[in-house]
Amino acid sequence: MSAPLPDAPLPDAPPATADAPPGAGPRAVLALARFEARRLLLTAPVLLAFAGYALWIGWRTPSSWDGHPALQDVDRAAQGPPLLVGLAVLLGASLGVLRSHRHGTEEHFGVLPLTPWRRTVAHLLSVVPAALLTAVGVAVQFGWEALKPGAVGHGSPAELAVGPLSVLLFGAAGVLSARLARSPLAAPGLVVVLLGVVALGAGPDGTDGLSWLAPSVATGASTTFPSELLGRPAAWHVLYLAGLALTVALLAVFAAGGRTRAVSAGLALSLAAAVAGGTLQARGAAPSPELTAARERATLAPEKEQTCLRRGTTTYCAFPEWEPRTATWAAVVDRVRSRTGGPAREAPLLVRQRVEARYGPYDDSAIPPAEAPHQVTVGTSWGGNRVPEFSTAVAAVFVAGSESAGAELCDGRMVTVMWLSLSWQDDPVDALRRVRVDDSLSGPATVLAPTEPLSMTAAQTKVVRELLESPPPGVAERVREHWAELTAPGVTTAHAAGLLGASAPAPDEPTEEGEACEA
Amino acid sequence: MTPTVSAFGLSLHYGRTRALDEVSLRLTPGVTGLLGPNGAGKTTLLRVLATAAPADRGTFTVLGHDPSGAAGRREVRRRLGYLPQTPGLHPHFTAFEFVDYVAILKELTDRAARHREVRRVLDEVGLADVRARSVGKLSGGTRRRVALAAALVGEPAFLVLDEPTVGLDPEQRMRFRELIAGAGEGRTVLLSTHQTEDVAMLCHRVLVLADGTVRFDGTPAELAARAAGRVWSSAERAPGARAGWRTGTGGHRNLGDPPPGADLLEPTLEDGYLLTLDEAGTEVAA
């Protein structure tokens with residue numbers, strides 16, 4: 001039934017509001033994105049995550065890598081904490097999308113000009129500042145490491161991009177989960193699933209193509225490799241992550257009703273990028289024949305890859321990225337050599353950098369000691385315990401003539417080796433403790449070196465500790481004066497102690513090695 | 001002379017239930033009241049006109065824009081302020097933030113201008129002092145004013161208010177009526193209510209809806225006039241009355257066809273409304 005329309009003259013209608021100016025929708029999306037971004041950054045999980053991230057950077061970076069980072073390791077190490085930020089952003093973004101549903105404002109907002117799918121775009125864009133803040137965190141961490149005087153190597157922009165991209169991906173996943181399942185439990189459930197996926201990527205070596213489906217792959221401790229030997233498909237991984245993030249984002253827009261031609265085309269393109277990146281990264285995860293050959297060359301014939309620098313009678317050969325570090329090595333060599341006597345003071349020495357690269361960076365195979373005389377190995381890491389370890393290896397070569405012979409020392413020459421190695425250090429006793437594998441200052445122990453470890457008996461430990469803690473007057477002169485005797489094979493610990501002015505130790509408990517050496 | 005809203009033959013069914021049946025109307029500036037019993041279709045009509053629900057049949061325009069297409073719907077929404085029956089609010093937002101949020105959704109993109117507008121509407125509804133307070137900490141009446149401010153932001157030409165005074169205490173209701181009267185100056189307001197006092201005090205025009213059909217369309221005085229000569233008092237409830245109730249003085253007020261010599265009373269808007277419903281076949285509770 002139709003009601004009669006009023007016959008009375010009608011008052012004039014109010015002046016018509018002007019039609020929407022061009023671009024009003026996109027501008028409103030940006031305005032809403034700014035609003036939502038501010039709220040997202042102020043949500044408790046995101047605030048806590050960023051606070052934790054900042055604290056982690058501030059706490060970890062000053063002492064990381066003992067002040068001597070290789071930047072090709074730093075870039076990967078910067079990927080872990082952003083994943084936690086990403087999970088917090090996922091929760092926050094999901095809560096933001098669900099807000100109008102939870103508080104019953106959909107009825108009202110549904111009749112406002114900004115459509116639900118444009119609001120979804122705004123929620124997706126609101127994640128971008130969190131990703132940019134993460135990028136700042138990554139840049140600060142990486143820049144801080146790069147500015148350390150001992151830094152070497154090259155970072156990969158692709159590896160550095162993983163953290164911020166992960167935040168984008170997780171944020172988009174939060175928006176999508178809220179659009180698909182309007183439950184506050186959806187996002188926490190997704191966090192649990194993603195933690196599983198992250199664990200998938202935390203595999204031992206990242207050579208499994210499947211593990212590269214995780215946002216961040218194999219970022220844990222590894223042997224430092226020259227950049228070109230790492231063989232990580234980082235660029236393809238970035239393509240995969242970017243494609244995946246965009247796919248998830250556009251799926252969220254699609255689910256919110258944004259089924260425009262542009263969204264469909266974007267969805268197809270981003271999906272293609274994700275699939276292409278995922279496929280290519282899986283192929284690149286296993287070492288190529290070229291990479292395998294390069295790793296073999298670096299392991300077995302490093303001289304073909306290295307450049308050498310001569311300082312006095314010592315030659316330093318390093319992989320190109322480590323050339324700036326030769327001066328640091330030289331400082332150690334010079335200090336040890338200055339305490340030697342006899343021909344060792346002028347003997348030629350070759351310091352060669354070596355790495356066991358054949359089994360990948362996550363293999364912990366030891367490097368065999370060099371057989372050639374007057375050659376000492378230096379590794380790819382430096383700082384901290386690596387310094388006394390290298391110093392010990394240098395001393396052992398000066399005393400025993402070669403690295404392989406040094407590795408077999410077990411007689412009284414170990415006293416001289418350890419004194420040469422440690423007496424010049426700022427805190428010799430602490431250096432002794434750190435260079436021993438069990439951090440002890442008494443009893444027998446294995447002594448770490450860049451290649452095979454050395455060993456000390458309890459008596460040798462006692463003499464060395466006395467020499468380091470309260471050195472008798474003129475120890476350095478005694479070393480030079482008695483160099484031939486101190487470095488003669490078969491010299492006993494007691495005799496070495498006597499020559500150096502230290503108390504004669506009680507004889508060691510007989511051991512198989514001890515008996516063989518000291519007999 | 002162009003009406004703000006013109007609707008022709010709007011119909012909407014929920015399954016087999018007829019919520020709206022061939023509703024046609026024209027709305028002009030000022031406050032129009034929409035009266036009707038529960039289930040009359042008031043909220044449905046408001047939701048259709050607010051573009052929250054599409055009609056099965058019929059068309060309508062707002063300031064010449066037809067919301068049946070996406071572009072037209074967007075233009076209608078740009079000119080619309082809507083206060084749902086149970087308006088949701090974001091309790092962790094301040095009053096300012098919530099209205100600002102709605103302003104963004106209304107595509108007010110210039111930040112400075114938008115903030116000026118948000119302050120203006122908060123001032124208009126008397127919330128200048130609490131705009132920095134969280135919505136969740138405000139009283140029920142104040143929250144309702146925040147919702148009204150959100151409906152008013154952007155100076156909509158067409159304001160749809162679904163039972164805005166329900167649940168408010170008398171003082172808050174009076175305050176709200178003042179706000180709505182102010183909002184009706186220069187714009188078209190469609191107000192659904194159960195309260196005939198709301199209509200009597202606010203509206204220049206009233207629609208009575210029953211069973212999804214417009215039963216009356218005229219001024220409040222015309223609605224009251226429908227009961228002229230059909231309201232009388234008696235000591236007991238008159239047997240032939242269509243409706244009647246005991247008054248505070250102990251007598252009875254009766255509606256219908258009075259007996260000869262009956263003590264006729266001045267009709268009120270409510271009398272006209274109840275008789276209109278009675279004539280429409282709707283059961284009158286009184």
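Some values worked out for this structure:
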| item | result |
| --- | --- |
| Output for segment A:115-128, where each listed residue is surrounded by 24 or more Cβ atoms within 10 Å (Cβ to Cβ), β-branched (Val, Ile, Thr) and outside any helix (DSSP H, G or I) | A:VAL127 |
| Members of segment B:234-266 found to be without any contact (Cβ under 8 Å) to a residue 24 or more places away in the chain, surrounded by 14 or more Cβ atoms within 10 Å (Cβ to Cβ) and either among the aromatic types (Phe, Trp, Tyr) or in a strand (DSSP E or B) (or both), listed by number | B:HIS252, B:ARG253, B:ASN254 |
| Subset of segment B:98-118 that is crowded, with 24+ Cβ neighbours inside 10 Å and among the β-branched types (Val, Ile, Thr) - its residue that is nearest to A:GLU106 (Cα to Cα) | B:VAL102 |
| Answer residue from segment B:40-56, given it is within 13 Å of chain A (Cβ to nearest Cβ) and in a loop (DSSP other than H, G, I, E, B) and is farthest from A:GLY110 (Cα to Cα) among those | B:GLY41 |
| Residue satisfying condition, being in contact (Cβ under 8 Å) with a residue 24 or more places away in the chain and crowded, with 24+ Cβ neighbours inside 10 Å, within set A:LEU48, A:LEU95, A:LEU40, A:LEU112 | A:LEU40 |
| Any chance B:VAL199 is within 22 Å of B:TYR82 (Cβ to Cβ), in a strand (DSSP E or B) and not assigned by TED's automatic domain parsing to the domain that holds B:GLY141 | no |
| Those helices (runs of 4 or more DSSP H) lying entirely in segment A:372-490 with at least 1 residues hydroxyl-bearing (Ser, Thr, Tyr) and closer than 21 Å to A:ALA506 by Cα | A:413-422, A:458-469 |
| Tally, over segment B:1-39, of residues that are assigned to a loop (DSSP other than H, G, I, E, B) and either within 10 Å of chain A (Cβ to nearest Cβ) or surrounded by fewer than 23 Cβ atoms within 10 Å (Cβ to Cβ) (or both) | 11 |
| Some residue of segment B:122-135 being within 11 Å of chain A (Cβ to nearest Cβ) and within 24 Å of B:ARG175 (Cα to Cα) | yes |
| Residue within segment B:184-195 that is part of a helix (DSSP H, G or I) and either within 14 Å of chain A (Cβ to nearest Cβ) or in contact (Cβ under 8 Å) with a residue 12 or more places away in the chain (or both) present | no |
| Count of segment B:137-175 residues which are modelled with pLDDT of 95 or more, farther than 13 Å from B:VAL102 by Cβ and assigned to a helix (DSSP H, G or I) | 1 |
| Matching option when the condition is within 20 Å of the chain's Cα centre (by Cα) and without any contact (Cβ under 8 Å) to a residue 60 or more places away in the chain, among B:GLU97, B:GLU124, B:GLU75, B:GLU117 | B:GLU124 |
| Residues located in segment A:98-109, provided they are surrounded by fewer than 19 Cβ atoms within 10 Å (Cβ to Cβ) and more than 7 Å from chain B (Cβ to nearest Cβ) | A:HIS101, A:ARG102, A:GLU106 |
| From A:GLY67, A:GLY52, A:GLY80, residue being touching a Lys or Arg at 6+ places or on another chain (Cβ under 6 Å), more than 14 Å from chain B (Cβ to nearest Cβ) and not polar (S, T, N, Q) | A:GLY67 |
| Number of positions in segment A:321-331 that are over 23 Å from A:TRP483 (Cβ atoms) and surrounded by 15 or more Cβ atoms within 10 Å (Cβ to Cβ) | 7 |
| Those residues of segment A:158-208 which are in a loop (DSSP other than H, G, I, E, B) and either among the small types (Gly, Ala, Ser) or closer than 25 Å to A:ALA234 by Cα (or both), in sequence order | A:ALA181, A:SER183, A:ALA202, A:GLY203, A:PRO204, A:ASP205, A:GLY206, A:THR207, A:ASP208 |
| Meets criteria (farther than 22 Å from B:ARG145 by Cα, touching an Asp or Glu at 6+ places or on another chain (Cβ under 8 Å) and away from chain A (no Cβ under 12 Å)) for B:THR59 | yes |
| Residue selected from segment A:184-204 under the condition in contact with a helix residue (DSSP H, G or I) (Cβ under 8 Å, 6 or more places away or on another chain), within 18 Å of A:HIS103 (Cα to Cα) and surrounded by fewer than 21 Cβ atoms within 10 Å (Cβ to Cβ), by the criterion modelled with the lowest pLDDT | A:PRO184 |
| Single condition B:ALA112 does not satisfy, out of (1) aliphatic (A, V, I, L, M); (2) over 23 Å from B:GLU185 (Cβ atoms); (3) at the interface with chain A (Cβ under 8 Å from one of its Cβ atoms) | (3) |
| Pair list, Cβ under 6 Å, 6 or more apart: segment B:216-233 residue within 13 Å of another protein chain (Cβ to nearest Cβ), other residue hydroxyl-bearing (Ser, Thr, Tyr) | B:PHE216/B:THR276 |
| Qualifying positions in segment A:332-378 - farther than 19 Å from A:THR487 by Cα, surrounded by 16 or more Cβ atoms within 10 Å (Cβ to Cβ) and of a type in the set (A, V, I, L, M, F, W, C) | A:VAL332, A:LEU350, A:VAL351, A:VAL355, A:ALA357, A:ILE367, A:ALA370, A:VAL378 |
| Single unsatisfied condition, A:HIS154 versus (1) within 14 Å of chain B (Cβ to nearest Cβ); (2) surrounded by fewer than 21 Cβ atoms within 10 Å (Cβ to Cβ); (3) in contact with a helix residue (DSSP H, G or I) (Cβ under 7 Å, 6 or more places away or on another chain) | (1) |
| Candidates A:ALA88, A:ALA139, A:ALA130, filtered to the one that is without any contact (Cβ under 8 Å) to a residue 24 or more places away in the chain and away from every other protein chain (no Cβ under 14 Å) | A:ALA139 |
| Options A:THR279, A:THR224; residue that is assigned to a helix (DSSP H, G or I), modelled with pLDDT of 90 or more and among the polar types (S, T, N, Q) | A:THR279 |
| The listed residue being buried (at least 16 other Cβ atoms within 10 Å of the Cβ), more than 21 Å from the chain's Cα centre (by Cα) and either more than 17 Å from A:ILE367 (Cα to Cα) or polar (S, T, N, Q) (or both), out of A:THR314, A:THR279, A:THR307 | A:THR314 |
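The values are calculated or read from the model by the stated rules, or taken from the named source; none is laboratory data. Quick caveat: nothing in here was measured; it's all calculated off a predicted structure. Every residue, glycine as well, gets a Cβ built from its backbone with ideal geometry; the counts of neighbours run over all protein chains shown.
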